[in-house]
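The values are calculated or read from the model by the stated rules, or taken from the named source; none is laboratory data. Owing to the predicted nature of the structure, the values given are computational and were not obtained by experimental measurement. All Cβ positions, even for glycine, are placed from backbone atoms using ideal geometry, and neighbour counts span all protein chains on display. Please note that ligands, DNA and RNA were not included when accessible areas were found on the heavy atoms of the full protein model with its side chains. Shrake-Rupley method; radii C 1.70, N 1.55, O 1.52, S 1.80 Å.
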Amino acid sequence: MKTRKILALAAVAATALALGACTVGRFAYNNASPVVTYMVDDYFDLSGNQEGWVRTRFERLQDWHRTHELPAYQADLRDAVARTERPLTLEDARWVNKTLRAYYKRMVDQALPDMADLLMQLEADQAQHFEQRFAKESAKIEKENKGDAAEREKKRAEKLIDQVETYTGRLDDHQRDLVRGRVHFMTDVSQMRLADRQRRQHIVAELVRSKPSKPEMVAGLRKVLIDTDSWRSPEYTKAIAKRDEEVAEMMVQLAATWSPDQREHVQKKLRGYLNDVSALIATR
């Protein structure tokens with residue numbers, strides 16, 4: 001689950017809640033409201049009244065999340081720990097991806113009415129600020145993706161190694177070479193992802209400019225954020241599915257090389273998340 005890659009309120013709400021609960025601990029989760037307000041302000045240049053509105057709506061969303069989503073996180077984390085006590089299978093790796101996507105969809109679906117309300121109250125200069133902010137991020141991503149195929153492959157491999165080591169601790173040289181070798185044959189979706197992002201921005205900008213009714217705004221946002229197959233390039237959809245399967249296969253191969261200490265590191269990390277989520281549930 002990564003930050004600020006989709007429309008502002010959905011991204012920051014989902015990120016703050018999911019990462020606060022499952023990545024950076026209960027303190028971040030309990031103090032997410034000012035962080036979310038700041039991030040939304042960064043996208044929309046909120047007025048003083050709007051800042052209070054965002055904070056109130058987010059806190060309401062967080063109450064829902066604490067009540068309805070954290071128990072699911074708790075059950076899934078227990079399941080994840082159990083799965084790491086035996087050899088990792090391809091189905092286990094697919095399950096992780098499927099589970100995280102389900103979190104995102106439920107979260108965004110719950111947030112859609114508030115997202116619609118926010119976009120409908122934007123002044124023209126705020127809508128322009130949002131478009132400029134989004135375009136700036138796209139330009140940054142485009143710059144990061146520059147370079148020849150070998151350079152881009154190296155960046156992807158190092159990024160994936162960093163992500164894996166968050167859970168396993170440091171990989172040995174053989175394991176790092178394994179990741180690099182698999183990345184060499186993985187589908188590169190970076191350019192298609194950038195085009196998809198720009199297409200998403202265009203759809204949202206047109207939606208805001210059209211000043212629709214709230215039901216129309218909610219439906220439009222659901223289309224751009226959840227029902228993506230209705231507008232997304234079929235080639236990109238296929239490439240994402242292929243890349244996800246390639247990553248899952250790599251994780252199974254890599255897990256087969258884990259040392260006892262690395263497996264313990266993974267389980268300790270997951271149990272830490274589980275303890276945080278259980279504590280948040282207990283204090284609701």
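In this structure, does GLY147 turn out to be of a type outside the set (Val, Ile, Thr), assigned to a loop (DSSP other than H, G, I, E, B) and closer than 25 Å to GLU235 by Cα? For GLY147, the condition - of a type outside the set (Val, Ile, Thr), assigned to a loop (DSSP other than H, G, I, E, B) and closer than 25 Å to GLU235 by Cα - is met. Applying the criterion of being assigned to a loop (DSSP other than H, G, I, E, B), under 28 Å from TYR273 (Cα atoms) and of a type outside the set (Asp, Glu) to the residues of segment 157-208, the residue that is most open to solvent (accessible area, probe 1.4 Å) is ARG170. Residue count for segment 140-156 satisfying the condition of being of a type in the set (Lys, Arg), more than 22 Å from the chain's Cα centre (by Cα) and loosely packed, with under 12 Cβ neighbours inside 10 Å: 1. For segment 124-132, does any single residue satisfy the condition of being open to solvent by less than 30 Å² (accessible area, probe 1.4 Å), assigned to a helix (DSSP H, G or I), touching a residue at least 40 places away in the same chain (Cβ under 8 Å) and not polar (S, T, N, Q)? Looking through segment 124-132, at least one residue is open to solvent by less than 30 Å² (accessible area, probe 1.4 Å), assigned to a helix (DSSP H, G or I), touching a residue at least 40 places away in the same chain (Cβ under 8 Å) and not polar (S, T, N, Q).
Candidates are the residues of segment 264-284 that are over 21 Å from ARG83 (Cβ atoms) and not β-branched (Val, Ile, Thr); the one that is nearest to the chain's Cα centre (by Cα) is LEU280. Taking each residue of segment 34-48 that is farther than 16 Å from PHE134 by Cβ and looking for partners that are assigned to a helix (DSSP H, G or I) and open to solvent by 60 Å² or more (accessible area, probe 1.4 Å) with beta-carbon atoms closer than 6 Å, six or more apart or interchain, yields THR37/GLU51; THR37/ARG55.
Sort out which residues of segment 61-119 are over 29 Å from ASP42 (Cα atoms), open to solvent by less than 50 Å² (accessible area, probe 1.4 Å), of a type in the set (Val, Ile, Thr) and assigned to a helix (DSSP H, G or I), and write them in order of number. VAL81, THR99 - these are the residues of segment 61-119 that are over 29 Å from ASP42 (Cα atoms), open to solvent by less than 50 Å² (accessible area, probe 1.4 Å), of a type in the set (Val, Ile, Thr) and assigned to a helix (DSSP H, G or I). List pairs: first in segment 67-84 and in contact (Cβ under 8 Å) with a residue 24 or more places away in the chain and closer than 13 Å to VAL96 by Cβ, second in a helix (DSSP H, G or I) and open to solvent by 40 Å² or more (accessible area, probe 1.4 Å), Cβ under 7 Å, 6+ apart or cross-chain? So the pair list comes out as VAL81/ARG271; THR84/ARG263.
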